[in-house]
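Please read the structure below before turning to the comments.
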Amino acid sequence: MTELIVPTARLHASWLEARDEWAPGVRMDGHGVREGDILEAAADFTAWVERLRDAETTAIPFGDGPVLCTYRWIVEGDRYLGAVALRHSLNELLLNMGGHIGYGIRPSARRRGLASWALSRTLETARTLGLDRVLVTCRPDNIASARTIEKHGGVYEDTRTTGPDTVKRYWITLTADR
C-alpha cells in the first residue's frame, strides 16, 4: 500500500538506492537536499532527516528567506518511491521559481500515478493550513508534471527564468472538493 509518511532514518538504504537512479547532478525536486549535503553515512542521513522534520515547525532557508515546509515521503512498505514538499508560504525565490509544492518520483517508480496521488493529498494538507491557492511549477520539458498539475486544476500563468533555471508556473485554487 502506498503511503505518505514523515521522513524517517530507517529508510536510509532505500533512499540511497532511489537517489542513485537519478542522473548525477539532477535536482531531486521535493526532497529537501541542499548543495553540500552528503548523506551516505547513517549519522549524516539521520541529521538530515531531523532537519526535514523540523522544517514543519522551524522556518528553514529557501533562497532569499526562510519558510516553514512540510516534507513527506512516498513509500510502499520499506521502499522509498519519492518525496513531496509543501512550503507554507512564498518568498521571492519561491514565488518566481519553486512554488508552494515540489515533488519528485524515483525513475523506476514513474508512470504509476504516484505524483498525481501525492499532489492530491498535499493539496488537502495545504487547505488545512488555510491556503486558498497554491503555486506549483515544473520545467518546460516535463510534460508529465505539467499534465499532473493541470489534472488537479492548475491554471498556467507564465514561464519564468532565473539564472540557469526556467519553470512554467501554475496556480491551483483550493476549493472544498480540491
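The values are calculated or read from the model by the stated rules, or taken from the named source; none is laboratory data. Bear in mind that the values here come from a model prediction, so they are computed numbers and not experimental data. Here the Cβ is made from the backbone with ideal geometry for all residues, glycine too, and neighbour counts use every protein chain on show.
Here are a few things to note about the model shown:
- Listed by first and then second residue, the pairs with beta-carbon distance under 8 Å, at least 6 apart or on different chains, first residue in region 144-155 and of a type in the set (A, V, I, L, M, F, W, C), second loosely packed, with under 14 Cβ neighbours inside 10 Å, are A144/R111; V155/T173.
- Residue match in region 123-132 (condition: in a strand (DSSP E or B), free of Cβ contacts under 8 Å to residues at least 60 places away in the same chain, out of contact with any Leu (no Cβ under 7 Å at 6 or more places or on another chain) and of a type outside the set (D, E)): no
- Test set (1) in contact with a helix residue (DSSP H, G or I) (Cβ under 9 Å, 6 or more places away or on another chain); (2) under 25 Å from H12 (Cβ atoms); (3) crowded, with 21+ Cβ neighbours inside 10 Å; (4) not hydrophobic (A, V, I, L, M, F, W, C) - H100 fails condition number: (2)
- Restricted to region 23-41, and to residues there that are within 17 Å of N142 (Cβ to Cβ) and among the charged types (D, E, K, R), the residue that is surrounded by the most Cβ atoms within 10 Å (Cβ to Cβ) is D29.
- Scoring E50 on the criteria (1) closer than 17 Å to T8 by Cα; (2) assigned to a loop (DSSP other than H, G, I, E, B) leaves a single failure, condition (2).
- Flag for A13 being within 20 Å of I74 (Cβ to Cβ) and crowded, with 16+ Cβ neighbours inside 10 Å: no
- Restricting region 31-50 to residues that are of a type in the set (A, V, I, L, M) and modelled with pLDDT of 90 or more leaves a set whose member that is nearest to G98 (Cα to Cα) is V49.
- Listed by first and then second residue, the pairs with beta-carbon distance under 6 Å, at least 6 apart or on different chains, first residue in region 34-62 and closer than 24 Å to D20 by Cα, second of a type in the set (V, I, T) and in a loop (DSSP other than H, G, I, E, B), are D44/I38.
- Residues (surrounded by 14 or more Cβ atoms within 10 Å (Cβ to Cβ) and assigned to a strand (DSSP E or B)) located in region 133-147: V134, L135, V136, T137, C138
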